[in-house]
Amino acid sequence: SSQGRGQGSPDVKAMMATRRSVSGTLTVTSGGLEGSSDGISKIKAEGSSPDEIDFDSIRQLMSSKYTAELVDRHAGAVRKMCKTCKNGFLLKHLEPLVDLLTTIVQRFSDGQREFALPICDFARVASLPFVSCKTSDMITYGHHLPAFVKALVSVLGFALPPAEEEEVPPGDDDLRRAFEEHQSINERIRIEVVHSLACWSRFGLDEESVELQPHQSLIQAVAEVGTPNLRILRQSQVIDAVSASFRVEDSPEAIVITLGAIRDMSLYRPLARQITNCGLISNLVHVIQVNLLGSDVLIVAAEVLWNVLELDWEGASQALGQEDVLESFRDFMGAVLSRGYRLKDKIFRNDMMVLLMYVAKRVENRELFARTGLMTLLLRHAISEPGKQAVREDAADELATMRAPGGTHSKAQAVPLTKSQEDMEFRVLLWNTLATCCQAPSCAQLATEMGLVPSLLFYLGVNEVPFEQRQWSQEQRRKVQLEALSALFSLVQHVPNAFLEAQGNATTLQLLQVTRSRDVQRKCLHLLQVAVRMGKEFTTELGRLGAVGVLIELFVDKDNRMSWRQLCASVLAGLCSGNPENCREFRKKDGVEAIREEVVYRPDETTDNHLFFSLCVVDCVWCGVVGTRKNEVRFLDAGGLFALLDVLEVAPLLLKRQIIGCLADLLQYRKAAKLFVQWNSQVTMKGALKILLELWQSEQECAGSTASDGVIKELDRPLNPRLLAPPLEDVDLRAASRGSESSIGSRASGKLRHARSFAADAARGLATP
C-alpha cells in the first residue's frame with residue numbers, strides 16, 4: 001500500500017501511511033486518455049482499419065436532406081464506426097470525433113432514442129487507450145481532448161433516472177414496459193460513461209507513469225502534479241456533470257463505478273477542490289448513510305472524503321462542519337461501534353475516525369461535536385472499564401444516551417476492543433480526536449464529567465497490568481502509552497484540574513522512573529514540561545512527590561542524549577520558578593553544582609543542538625539559583641558567574657540576551673557584583689563591563705541611533721529611534737554583519753541601509769540647484 005499524508009503523532013502518521021493504495025477496493029478495466037483519438041474511416045466492410053474511416057461520409061449521411069429521416073441508418077453508421085475502432089480511437093481523428101459525438105448527444109437529447117446504443121458503444125471504445133500513428137500526434141491533436149471528454153460526459157444530463165412524478169400509473173402494461181425499457185437504456189448509458197471516466201482517471205496512476213522526486217511517495221506526486229489524464233479531466237470540468245448525475249443516481253452498479261472514478265480523481269488537488277465546490281461531499285455522506293455495514297461502497301466513499309480533506313482541508317472541513325452532517329457521523333459511528341464486528345466494519349470505523357480527526361481541527365466545528373451528541377458517543381467508547389465504574393450511574397446514563405436515526409434512543413452494547421491492529425489504531429485515532437475537541441469548553445466539560453483523563457492515565461499505570469492488557473505485547477503497550485501521553489499533553493492545558501484530581505503528576509513521574517523506553521521517557525518529560533506551567537498547584541505537588549531529585553538524576557547522567565537532558569533542565573526551571581521549596585530541594589540534591597558544570601558553550605563538540613541546550617541551562621540557573629541566596633552563594637563559589645561571562649563573550653545573540661537577563665538579576669547580590677568587576681576574558685583580556693559596552697555600541701550602530709559624532713539621536717529610544725537610519729559612512733558594516741553581536745546585524749540589512757542612504761543622497765543631489 002502507498003503512503004498517505006497524515007498529521008499528528010508519529011504513530012498516527014505511521015498508521016495513516018498504511019492506507020489503501022490508489023488501486024483501491026473497487027477496480028475497473030485499465031484504460032486511459034494517453035492520447036484521445038477518434039477513428040475517421042469509411043464505413044465499408046467489417047474488418048476495415050480505423051485509418052480508413054470517412055467521417056465526411058458519416059456527416060453527410062446524417063445531415064443530407066435525403067437521408068435526414070433515416071435515424072436507424074445514422075445510428076448503424078456510428079455503431080459500425082465504433083466496431084471498426086474496437087481497439088481504440090486514433091488521436092488524429094479527435095476533431096471529427098468531437099463533432100460527431102456532440103451531434104449524436106444533441107439528437108439523443110431531442111428524443112431520438114435510437115442513438116442510445118451508439119452512445120454506449122462510443123463510451124466503451126473511449127475507455128480504451130487511444131492510438132497514436134505518429135509520435136507527434138499527442139502534441140498535434142491533444143488540445144482536443146478536453147472537448148472530447150466534455151462532449152462525452154454531457155450525455156449524463158440527458159440520461160438521468162426518472163423523477164418520482166414520472167412513475168407510470170398502474171394498469172397500463174404497454175406504457176410500463178416502454179417506461180422500464182427507457183429507464184434501462186438510460187442506466188446503461190450512465191454506466192458506460194462513468195466506466196469510461198473511471199478508466200481515464202485510473203490510467204497512469206502507477207510509479208512507472210508518474211515522475212517521483214526523491215523521498216516522494218506516489219500519492220504525494222499525484223496530488224501535486226497529477227497525471228496527464230487527471231489534468232485533462234480538470235480542464236474539461238467533468239466533476240460538475242458527474243456530481244449532478246451522482247446526486248440522483250439509483251443504480252447500485254452506477255454508484256459503485258462512479259465512486260471509483262471520483263476516488264481516483266480526488267487524488268489530484270485541483271480536482272479535490274472541485275469536488276468540494278460542487279457540493280458532492282454531502283452526497284458522499286448520504287451514500288454512507290444509506291448503505292449497510294461491510295459494503296465496499298462505504299470504504300470507498302470514506303476514502304474519497306479522506307482524500308478531499310487532506311488536499312482541500314479548508315473547504316472540505318467547512319463543508320463537513322454542518323450540524324446535520326455531524327449528526328450523520330454520529331449515527332454512522334453509533335452503528336459501527338455497536339454492530340461492527342467484521343474486519344471491513346472496523347476498517348470503515350477507523351476511516352470515519354480519520355475524517356472526524358480532520359474535521360475537529362477546524363475550530364468552528366468543535367462545539368458541534370458536543371451539540372450533536374457525537375462527543376458523548378466517542379467518550380463513551382474511550383473511557384476504560386474502571387473509568388466507567390467511577391462515573392455515577394445516573395450521569396453515565398444521561399451522558400451515554402444518544403439519539404438513534406429513527407428518533408429513538410439507543411444504548412446498545414459496544415463491540416469490545418481487542419489487541420488487533422485495527423482496534424489499536426482506533427484507540428489512537430479516538431484519543432487524538434477527543435484531545436483536539438477538548439480545546440472547546442463544552443467538549444472539555446463533557447470529557448471531565450465522563451472521566452477521560454483518568455481513563456488515559458489508566459493505561460500509564462505501572463503497579464499492576466490491567467486484565468484487558470495482559471494479552472498485549474510489550475510493543476503494543478509502549479505504543480498505547482505513547483499515544484496516551486500525547487493526548488494528555490493536550491488535555492492538561494485545557495482541563496488541568498481534571499489532570500490534577502486524577503493524580504496525573506504522580507502517575508507520569510512514576511512512569512518516568514520505571515519505564516525502560518527512551519521514547520516514553522521523552523513523552524513523560526514533554527508532559528511534565530507543560531504541566532509545571534499550569535499553576536503553582538502543579539509545581540508544589542511535583543516537588544512533594546520528589547520530582548526535583550528524579551530530574552536532577554536524569555540530568556547528570558551523561559549517557560542520556562542531550563535533547564533529553566535539555567528537557568530535564570527545562571522542567572527543573574519550571575519547578576523552581578517562584579517556588580522556594582523546590583529551590584531548596586534543588587540545592588539539597590546538588591542541582592546547583594550539576595547545572596554549573598553545564599554552563600559552557602562548545603557546539604563543535606557535539607552533533608546535537610547545543611544552543612537550545614545552553615538556553616535551557618541558563619533558564620534553569622535563572623529560575624533555580626537566582627533569587628535564592630544560598631543557591632547564589634553556592635553557584636558563585638563554584639565559579640558560575642565567571643562561566644556565564646565566558647559564555648557571554650562567544651555565544652550567539654539569542655544566548656547572549658538570555659545570559660544578560662540572568663546576570664541582571666544575579667548582580668543584585670553584592671558579592672556577585674564584586675566578582676563581575678574582577679572578571680577578565682581569558683581570550684581578549686577584556687573586562688565584563690567593556691564587553692557589555694561593546695554590545696551596546698554594536699546595537700546602536702546597527703539601529704542607526706547615533707549621529708556621526710556619536711551623539712544619541714533620541715534619548716527616549718536610544719536603541720530603537722523613530723528617525724531614519726544614518727548614511728552608510730556613519731555605520732560600521734563589519735560590526736553590523738556580526739550576527740552573534742546584533743539582532744539585526746546581517747549583510748542583508750547592511751545592503752538595505754546602503755540602498756536607503758544612496759536613495760537619500762540621490763534625492764539631495766537632485767534637489768540641489
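Tabulated results
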| quantity | calculated |
| --- | --- |
| Within straight-line cross-link reach of residue 80, aspartates and glutamates at Cα separation under 13 Å, skipping those fewer than 8 residues along the same chain | 46, 52, 54, 72, 121 |
| Which of 459, 601 is most accessible, then next, and so on - probe 1.4 Å | 601, 459 |
| Segment 478-566, Rg to Rh (Cα coordinates; Rh as Kirkwood inverse mean 1/r) | 0.94 |
| When each of 523/558; 630/674; 479/589; 686/713; 86/150 is checked by Cα-Cα distance, pairs over 23 Å | 479/589; 686/713 |
| Per-residue SASA entry for residue 588, accessible area with 1.4 Å probe, Å² rounded to 10 | 120 |
| Cα radius of gyration and Dmax for segment 237-372 (Å) | 14.0, 41 |
| For segment 492-619, the fraction of alpha-carbon pairs in successive 5 Å shells from zero, as % | 2, 11, 22, 24, 20, 13, 6, 2, 1, 0 |
| Stokes-Einstein D in µm²/s, Kirkwood radius over Cα pairs - segment 45-101 at 25 °C with 0.890 mPa s viscosity | 207 |
| Rule-of-thumb Rg ratio for segment 619-675 [Cα; 2.2 N^0.38 Å; N residues] | 1.03 |
| Heavy atoms of residue 120: accessible area, 1.4 Å probe, square angstrom to 10 | 0 |
| Residue-wise HN-Hα coupling along segment 236-242, computed from phi with Karplus coefficients 6.51, -1.76, 1.60 (Hz; x: Gly, Pro) | 7, 6, 6, 4, 4, 5, 5 |
| Largest to smallest accessible area among 472, 622 [probe 1.4 Å] | 622, 472 |
| Largest-first ellipsoid semi-axes for segment 407-554, taking √(5λ) over the Cα gyration tensor eigenvalues, angstrom | 27, 21, 12 |
| Segment 596-718, Cα convex hull volume normalised per residue, Å³ | 136 |
| Amide H within-cut-off set for residue 706, under 5 Å, with H built and near neighbours excluded | 713 |
| Solvent-accessible surface ranking, highest first, for 494, 144, 215, 93 at 1.4 angstrom | 215, 494, 144, 93 |
| Volume per residue that the Cα convex hull of segment 170-225 spans, once the total is divided by residue count, Å³ | 90 |
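The values are calculated or read from the model by the stated rules, or taken from the named source; none is laboratory data. As the structure is a prediction and not an experimental result, all values here were calculated from the model. These accessible areas exclude ligands, DNA and RNA; they are computed on the full protein's heavy atoms, side chains included. Shrake-Rupley method; radii C 1.70, N 1.55, O 1.52, S 1.80 Å.
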